[in-house]
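Input: a single structure, listed below in structure tokens.
Values quoted throughout were computed directly from the atomic coordinates according to the rules given, and no laboratory measurement underlies them. Remember, predicted model here, so these are calculated numbers, not experimental data. Reconstructed Cβ throughout: ideal geometry from the backbone, glycine too, with neighbour counts over all protein chains shown.
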Amino acid sequence: MNLKNYLILIFLTFTAYNCEYSKPPLEFFPDMFDSPARESQEMDDYNNSYGRRLPPEGTIPVGYFPYEFTDIATPDEMTKEQGLKNPYPSKTTLANFQRGESRYQIYCAPCHGVAGAGNGSVVGPYPRFSVRPPTLVGAKIQDWTDGQLYHIITMGRGLMGSYAAQIEPDDRWKIILYIRKLQEANSNKASANK
């Protein structure tokens, strides 16, 4: 018999041996088969004797980008030079507007209204709150930069809480594109009524 036939025979023998379920299968790499799992705070054989490892100081999870401007209380304190620039103005595609519109309708329209006038369905004609949500198509918010709007969506303001956990960073920028489109439509409507 040649080497090829011996290898085939050995392979078939191991395959047949592992097909019997009355015996445990052969473990070629037992460390990979039975990994030493630990419960939380259980003692182990490592240096600090705990099962849970603390990450090195200053590390961040993969795919997480920390928000740098958590110390800014109001968007008025944010300057144009602080680096929050919308990455999508040059990419104003229909898909980006549609994504911004869908996210706006889910997260923003209940308070700010479908057209951004501050008359959402949860506010109603007689608001329970002393402060109504601001109109997004008004002159004050039109003067804000995209970074200031992004900051409010991320950190919240007044009665509006932070939406950082609900809305992905890319979707926040797309919502701002859609808000700018609402503002443009409101300006065109106002100039047509004159």
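For this structure, a couple of remarks:
- Counting neighbouring beta carbons within 10 Å and listing from fewest to most, the residues Lys140, Lys85 come out as Lys140, Lys85.
- For peptides 148-157, 4-13, sequence by mean Cβ density within 10 Å, most packed first: 148-157, 4-13
- Counted residue by residue at 0.36 nm each, then reduced by the alpha carbon distance between them, the extension gain from Thr15 to Asn188 reaches 54.8 nm.
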